[in-house]
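Reading through the structure tokens given below for one structure.
The values are calculated or read from the model by the stated rules, or taken from the named source; none is laboratory data. Treat the numbers as computed from the prediction; the structure is a model and nothing was measured. For neighbour counting, all protein chains shown are included, and Cβ atoms are generated from backbone atoms with ideal geometry for every residue, glycine included. Heads up: the accessible areas ignore ligands, DNA and RNA and are worked out on the full protein's heavy atoms, side chains in. Shrake-Rupley method; radii C 1.70, N 1.55, O 1.52, S 1.80 Å.
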Amino acid sequence: MKKLKRSARLVEMTQYLLSRPHTLISLTAFADRYQSAKSSISEDLAIIKEVFEEDGLGQLNTLAGAAGGVKYMPMMNKSVSLAIIKNICRELEQPERVLPGGYLYMTDMLGQPNLMNEVGRMFATAFAHREIDVIMTVETKGIPLAYATATFLNLPVVIVRRDNKVTEGSAVSINYVSGSNKRIQTMSLARRALKEQSRVLIIDDFMKAGGTIQGMMDLLYEFNATVAGVGVFVESGEVDRDERLLEDYVSLAKLTAVDLKTKQTSVAPGNYFKPEEG
């Protein structure tokens, strides 16, 4: 790359960092890329760090030492996230979204890239400091959420199928009990899709009792993998506590009440926005 003026270099460096989240980039790499002294690069990074943090774009962490450098971590301020989620809650409360069984129609929202990017950044913020190797979801509605989250965490996505696809080779299949209707269902994952002992972040669009997520956890056991976290876009509050199959998860919105006769619903921010104890 030809030597740039400082103003142009700042713009290019910012774009370079934004497109490589959670990636350690050495000062030497920047110095070689822009044909500039490390001292000048350090000054530029200090400016970018200040802007990122003031505008709520994320953190620019510096690691000292020979193997050090800088790592951009996309983040979203809690107050900004809450304002977005409140708008989502109002949209989800529209009567025409109520479906039989107490579910909500969300497919149109899951198909909005800008909205999914905002939700993905929220999940990336919630799990930013956990050791994660891969994002997992089950087909099909969780896929946009998983990819949006993976973009900001710079991680691959693994998709659990409802049935085995011939094009994916040998697979591990398990039966699980759907928490909401107690039906036995099947899910499968190609053996080549996930390395053993991977640390997995599970992302799902809607959770009622948690049967599907518990099924994914059981599937991970077959790969000797561990659950690094669980993120849910909308959880249902219409489930008794003793029927809930898991307790450790992050939800962004919560369906607190639904009347199937009048199609009146109440949706509130999820547990991610609860004040921290202590």
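Tabulated data for the structure shown
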{"quantity": "Residue in region 201-208 that is open to solvent by less than 20 Å² (accessible area, probe 1.4 Å), in contact with a Leu (Cβ under 8 Å, 6 or more places away or on another chain), free of Cβ contacts under 8 Å to residues at least 40 places away in the same chain and more than 25 Å from Arg90 (Cα to Cα) present", "calculated": "no"}
{"quantity": "Per-region count, region 26-44, residues open to solvent by less than 10 Å² (accessible area, probe 1.4 Å) and closer than 26 Å to Ala128 by Cα", "calculated": "3"}
{"quantity": "Any hit, region 227-240, residues being at pLDDT below 95, of a type in the set (S, T, N, Q) and touching a strand residue (DSSP E or B) at 6+ places or on another chain (Cβ under 9 Å)", "calculated": "yes"}
{"quantity": "Only one of Ser42, Ser26, Ser19, Ser36 that is polar (S, T, N, Q) and without any contact (Cβ under 8 Å) to a residue 12 or more places away in the chain", "calculated": "Ser19"}
{"quantity": "Selection within region 57-66 - open to solvent by 30 Å² or more (accessible area, probe 1.4 Å) and either under 30 Å from Glu235 (Cβ atoms) or out of contact with any Leu (no Cβ under 8 Å at 6 or more places or on another chain) (or both)", "calculated": "Leu57, Gln59, Asn61, Ala64, Gly65, Ala66"}
{"quantity": "Hits in region 1-25 - residues which are within 24 Å of Leu155 (Cβ to Cβ) and either open to solvent by less than 40 Å² (accessible area, probe 1.4 Å) or hydroxyl-bearing (Ser, Thr, Tyr) (or both)", "calculated": "Met13, Thr14, Tyr16, Leu17, Ser19, Pro21, Thr23, Ile25"}
{"quantity": "Residue among Thr226, Thr212, Thr256 that alone is free of Cβ contacts under 8 Å to residues at least 40 places away in the same chain, of a type in the set (S, T, N, Q), within 19 Å of Tyr103 (Cβ to Cβ) and touching a Ser or Thr at 6+ places or on another chain (Cβ under 8 Å)", "calculated": "Thr256"}
{"quantity": "Filtered residues of region 95-106 (kept if in contact (Cβ under 8 Å) with a residue 12 or more places away in the chain and either open to solvent by 60 Å² or more (accessible area, probe 1.4 Å) or not in a helix (DSSP H, G or I) (or both))", "calculated": "Glu96, Val98, Pro100, Gly101, Gly102, Tyr103, Leu104, Met106"}
{"quantity": "Test: residue in region 46-54 that is surrounded by 17 or more Cβ atoms within 10 Å (Cβ to Cβ), within 25 Å of Ala148 (Cα to Cα) and in contact with a Pro (Cβ under 8 Å, 6 or more places away or on another chain)", "calculated": "no"}
{"quantity": "Those residues of region 237-278 which are surrounded by fewer than 18 Cβ atoms within 10 Å (Cβ to Cβ), touching a Gly at 6+ places or on another chain (Cβ under 6 Å) and polar (S, T, N, Q), in sequence order", "calculated": "Thr256"}
